[in-house]
Amino acid sequence: MVQQGGDSSSTLEVRDVTIRFEGLTAIDQVNETVTPGEILGLIGPNGAGKTTLVNTMTGFQEPTVGDVLLDGTSVRKVNAHQLRRMGVSRTFQAGRLFREMSVVENVEVAGVGMGLRRAAAHKEATKLLDWIGLSDRANVLAGALPYTDERRVGIARALIQSPKFMLLDEPAAGMSDLECDDLMKLVQRVRDEFGCGIVLIEHNMRVVMGVCERIHVLDSGRTIARGTPGEVQKNPAVIEAYLGKG
Ligand SMILES: Nc1ncnc2c1ncn2[C@@H]1O[C@H](COP(=O)(O)OP(=O)(O)OP(=O)(O)O)[C@@H](O)[C@H]1O
Ligand SMILES: [Mg+2]
């Protein structure tokens, strides 16, 4: 399979990033660096700024202040399409599949978008669907998939882009415990077999605590805690942020 991850010297970094939308500061002086092979959890209450931060790390949102660096070089002005080609892929909070296309075509077009020829993209998409356990759904219309499978297709679409970094926006939302267990295994397999650095936005604490080595907690755009799952769980500022907002 096409693989790009595994270069342990690679880094994806946000440096003193602030993002303002008119009057609102969605991200306030946040710093973080991700390296291949690690799974970083990005958590915080609704509206904390998680998606906005991931948008910035993936070229969808230019920071108002601060910088985004890939391997030490500023990519602040690099758009999402270019950044994907440089090895930074993501999934979206809402599936964003082409509903009128088949599952394999959805993965294939992501490969074509990366410059693969159609036949090569089809071959790669087929391999990835097999790897992810969806080969029996390859020819089903994406619009007919249950959301658990939709998320897996989203991950396959990101994988065909040969990412060094993969940013997942709430992949477990709405999943049962059993489905969450499968997702956790999948995230670990992506890390282990593709060598990607993973940023996982997730509200499901069982998933976050189960797969992340390191956690970054945002509240109202600010970093309120960073640490291991154990450290973050007992941090009073984190408990307050969650309880305070119900
Ligand atoms: N394009 C935008 N224009 C204006 N405000 C925005 C925009 N995008 C996000 N915001 C605001 O920025 C803040 C952070 O939003 P964001 O979507 O990053 O939060 P989140 O942590 O991902 O929340 P959730 O857990 O609900 O997904 C919110 O107050 C949101 O309304
Ligand atoms: Mg969000």
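The values are calculated or read from the model by the stated rules, or taken from the named source; none is laboratory data. Keep in mind that this is a model prediction, so the values were computed, not measured. In this analysis, Cβ positions are derived from the backbone assuming ideal geometry, glycine residues included, and neighbour counts consider all displayed protein chains.
See the values below:
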quantity	calculated
Failed criterion for residue 19 (all others in (1) at pLDDT below 95; (2) closer than 17 Å to residue 167 by Cβ hold)	(1)
Lone unmet requirement of (1) closer than 25 Å to residue 209 by Cβ; (2) in contact (Cβ under 8 Å) with a residue 60 or more places away in the chain; (3) surrounded by fewer than 15 Cβ atoms within 10 Å (Cβ to Cβ) for residue 72	(1)
Test: residue in region 117-125 that is more than 16 Å from ligand 1 (Cβ to nearest atom), over 18 Å from the mean Cα position of the chain (by Cα) and not in a helix (DSSP H, G or I)	yes
Only one of 111, 174, 154, 143 that is within 16 Å of ligand 2 (Cβ to nearest atom) and in a helix (DSSP H, G or I)	154
Pairs, first basic (Lys, Arg) in region 194-215, second part of a loop (DSSP other than H, G, I, E, B), C-beta under 8 Å, six or more apart	214/38; 214/228
Count of region 49-107 residues which are polar (S, T, N, Q), closer than 23 Å to residue 147 by Cβ, within 16 Å of ligand 2 (Cβ to nearest atom) and in contact with a Ser or Thr (Cβ under 8 Å, 6 or more places away or on another chain)	2
Of all residues in region 176-206 being surrounded by fewer than 19 Cβ atoms within 10 Å (Cβ to Cβ) and within 16 Å of ligand 1 (Cβ to nearest atom), the one that is farthest from residue 48 (Cα to Cα)	205
Residue in region 22-34 that is closer than 26 Å to residue 230 by Cα, over 18 Å from the mean Cα position of the chain (by Cα) and either part of a helix (DSSP H, G or I) or within 16 Å of ligand 1 (Cβ to nearest atom) (or both) present	yes
Candidate set from region 212-226 (those that are touching a Pro at 6+ places or on another chain (Cβ under 9 Å) and within 18 Å of residue 90 (Cβ to Cβ)); member that is farthest from ligand 2 (Cβ to nearest atom)	212
Residues satisfying the stated conditions in region 78-106, i.e. in a strand (DSSP E or B) and either more than 18 Å from residue 198 (Cα to Cα) or of a type in the set (Gly, Ala, Ser) (or both)	89, 102
Residue in region 44-67 that is under 28 Å from residue 209 (Cα atoms) and part of a strand (DSSP E or B) present	no
Condition met for residue 155 (within 14 Å of the chain's Cα centre (by Cα) and within 16 Å of ligand 1 (Cβ to nearest atom))	no
Neighbours by Cβ (under 6 Å, 6+ apart or cross-chain): first from region 83-97, on the phi > 0 side of the Ramachandran plot; second modelled with pLDDT of 90 or more	87/163; 87/164
Residues of region 115-132 classified as without any contact (Cβ under 8 Å) to a residue 24 or more places away in the chain and surrounded by fewer than 17 Cβ atoms within 10 Å (Cβ to Cβ), total	7
